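The values are calculated or read from the model by the stated rules, or taken from the named source; none is laboratory data. These numbers were taken from a predicted model, which means no experiment stands behind them. Cβ coordinates were reconstructed from backbone atoms using ideal geometry, including for glycine residues, and neighbour counts include every protein chain displayed. Heads up: the accessible areas ignore ligands, DNA and RNA and are worked out on the full protein's heavy atoms, side chains in. Shrake-Rupley method; radii C 1.70, N 1.55, O 1.52, S 1.80 Å.
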Amino acid sequence: MSTTAFDFSTHSHRRYNPLTRSWVLCSPHRTQRPWQGHRESQQVDKIPTYDPRCFLCPGNERANGDHNPLYTSTFTFPNDFSAVRQEQPALETTQWTLDDDDDQDDLLRVEGVRGECHVICFSPQHDLTMAEMHVEQVGRIVDAWIALYQEMSNKEHVRHVQIFENKGQAMGCSNPHPHGQAWCTEQIPQEVQVELDSMRMYRDTHHGRCLLCQYMQKEITCRTRLVIENDSFVCVVPFWAVWPFETLVFPKSHLSRLSDLTPSLRHDLADILRRVTCRYDNLFGCSFPYSMGIHQSPIRSSNEDDHDAFAHLHIHFYPPLLRNATVRKFLVGYEMLGEPQRDLTPEQAAERLRACSEVHYKHRQVNGYTNGAMETAGR
């Protein structure tokens, strides 16, 4: 047994994620190893403001033959290649058999899924990402999310709305025009259900307290993993982060869904989303890829659970880049067969993100800004 004191920035340890009731292995000493692995090709081509071949640009023809309107702000439309559909026949359990075995048990289970999918174009500009927008422009995206959630709440076949954005080729994004999606289903997805169960269990075992409200207070007090905050929202690298520069954004007050946001809260959410995505881009001087997703209370609760009583609105950012713009983190080997693992500690990742400018790297030579200039508003 070593007599050296344990150092979380040097020695291997596991961290518990109370939202998913899972563990992640931290191996910070591995940051010293030489890297000879795969590198992503960095896309350096200049993206035009308008692309006549783009299926999402204003006025262009989409793959199904429809034409986009000449929209001037955010634009939402039903996905032409929806993963789920509203109209489909009911699935009878007797339709699912194996080798004509009529013995139905719980080993082979299947459910039909109805729903609908939507695309949210963030802006008419083909090259304008959230990181480069003004707060007011990001605010229109937030408004579009809320409008879609409220629209889906009037549909009997929709129980859950999963809003997300895949940014960049590294995350499988097939169209560079900045956009997000909403998959609206009659079932609650597995990852969301696990989080809801965890938040309900925490409330039941901690005298009615909210898991994320309690966690937020710890992060605001500690501040070692806090990246940015404003009056209403906080962004942290979560204690249990799996991805190298993963972040979690959530409101300081207990809100269960997007539609609970007042106009001032919508502005503050837009502010913090712009600031965190700008810091991502500035970290490695590239358009930083990520998957972003909003978790909130389902539209309708079951008879057993009142989700609004314990669900806490929050937004996950899962970016894959590890060391620079061309080195990507992969979950393979032990991480697929055992449990996730990371080298950079969440505290180290937060420190690096805090050091990033909130003036986008493309604009630092404009309006008198230079490298290292920082925007201090809202800090």
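Values for this structure:
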quantity	calculated
Kyte-Doolittle mean at least 0.5, axial Cα span of 20 Å or more - DSSP H helices of the chain	none
Residues Ala5 and Thr262, FRET efficiency given R0 of 41 Å [Cβ-Cβ distance, rounded to 0.05]	0.30
Exposure rank, largest accessible area first [Tyr318, Tyr290; 1.4 Å]	Tyr318, Tyr290
Unpaired by the 4.7 Å Cβ criterion, cysteines found in the chain	Cys26, Cys117, Cys121, Cys173, Cys184, Cys222, Cys235, Cys278, Cys286, Cys356
Within-13-Å neighbourhood charge of Phe55 [Cβ basis; K, R +1; D, E -1]	-2
Order of exposure, largest accessible area first, which applies to Trp145, Trp243, Trp183 with probe 1.4 Å	Trp183, Trp243, Trp145
Accessible area of the chain belonging to carbon and sulfur atoms, whole % at 1.4 Å probe	50
Unit charges at the beta carbon, dipole of the chain: most positive-side option, Gly180, Asn64, Pro251	Pro251
Charge context of Gln125, other residues only, Cβ under 13 angstrom, K/R +1, D/E -1	-2
Cβ charges +1 (Lys, Arg) and -1 (Asp, Glu), total dipole of region 161-206, debye	140
Choice from Pro89, Pro176, Pro346 with maximal GNM fluctuation in the chain (Cα, 10 Å cutoff)	Pro89
Per-residue [θ]222 nm for the chain (sum of -39500 (n - 2.57) over DSSP H runs n ≥ 4, rounded to 500)	-7000 deg cm²/dmol
Restraint check, Lys46/Lys167; Lys155/Lys252; Lys218/Lys252; Lys46/Lys362, Cα-Cα greater than 21 Å	Lys155/Lys252
Dipole-positive endmost among Asn154, His312, Leu269 within the chain (Cβ charges, Cα centre)	Leu269
GNM top mover of Arg62, Arg223, Arg109 - the chain, alpha-carbon springs below 10 Å	Arg109
Cβ charges +1 (Lys, Arg) and -1 (Asp, Glu), total dipole of the chain, debye	2120
Correct choice for Cα Rg over 2.2 N^0.38 Å that was computed from the model, options (1) 1.00; (2) 1.05; (3) 0.92	(2)
Max mean-square fluctuation residue, GNM over the chain, Cα-Cα springs under 10 Å, options Gln341, Gln187, Gln88	Gln88
For Arg114, net neighbour charge (Lys/Arg +1, Asp/Glu -1) across residues whose Cβ lies under 11 Å away	-2
